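Here the structure is laid out as structure tokens; the discussion comes afterwards.
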Amino acid sequence: MVTIRAVRGATQLDVDEVEHLLERTAELMQAVLKRNDLTSDDVISIFLTGTPDVRSAFPAAAVRALGITDVPLMCAQELDVEGAMPRVVRLMAHIETDRRRDEIRHVYLHGTTVLRDDLAEDD
């Protein structure tokens, strides 16, 4: 039976520049797909956020550039919490999968494992 699940991920930018943001976001999306044996056909929707210091581009542009053009995407800004990790793009994708909840592999890249070390795997 195919079930709807959510998979999470995050990446940190070294700098807030368009090309770097697009590269890191694409890397994150590709890792989410690969680690969960997914194709774009398995993706229902994707919610992307950036910390308030991410202003150079919409992270969704990187996902669209990967050819994922028929999936609803939404970008939003994270809460501006004092002391929070800077320059972070987060992702939550709703997917169709036959994996159990405990088999979903969440992806945290470039130092973001500290955000959810209970979910993150070693990179």
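Values in this text are rule-based calculations from the coordinates and carry no lab data. Everything quoted here is computed from the prediction, not taken from an experiment. Ideal geometry is used to build each Cβ from the backbone, glycine not excepted, and the neighbour counts take in all protein chains shown.
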Here the residues within the stretch 44-59 that are of a type in the set (Ser, Thr, Tyr) and crowded, with 21+ Cβ neighbours inside 10 Å are Thr51
Condition test on Val15, is it assigned to a loop (DSSP other than H, G, I, E, B) and touching a residue at least 40 places away in the same chain (Cβ under 8 Å)?
yes
### Query
If we scan the stretch 27-35, do we find a residue that is of a type in the set (Gly, Ala, Ser) and closer than 18 Å to Thr113 by Cβ?
yes
Picked from the stretch 24-60 (must be of a type in the set (Asp, Glu) and touching a helix residue (DSSP H, G or I) at 6+ places or on another chain (Cβ under 9 Å)), the residue nearest to Leu91 (Cα to Cα) is Glu27
Residue hits (the stretch 6-40; farther than 15 Å from Gly50 by Cα, touching a Lys or Arg at 6+ places or on another chain (Cβ under 6 Å) and not basic (Lys, Arg)) are Asn36
- Looking at the stretch 78-89, is at least one residue at positive phi, in contact (Cβ under 8 Å) with a residue 60 or more places away in the chain, touching an Asp or Glu at 6+ places or on another chain (Cβ under 8 Å) and surrounded by 11 or more Cβ atoms within 10 Å (Cβ to Cβ)? yes
Selection from the stretch 1-43 of residues closer than 14 Å to Arg64 by Cα, among the hydrophobic types (A, V, I, L, M, F, W, C) and either exposed (fewer than 14 other Cβ atoms within 10 Å of the Cβ) or in contact with a His (Cβ under 7 Å, 6 or more places away or on another chain) (or both) yields none
Of the candidates Val32, Val71, the one satisfying the condition of being part of a helix (DSSP H, G or I) and either hydrophobic (A, V, I, L, M, F, W, C) or in contact (Cβ under 8 Å) with a residue 60 or more places away in the chain (or both) is Val32
### Query
Taking the condition surrounded by fewer than 16 Cβ atoms within 10 Å (Cβ to Cβ) and out of contact with any Pro (no Cβ under 7 Å at 6 or more places or on another chain), does Ile68 pass?
no
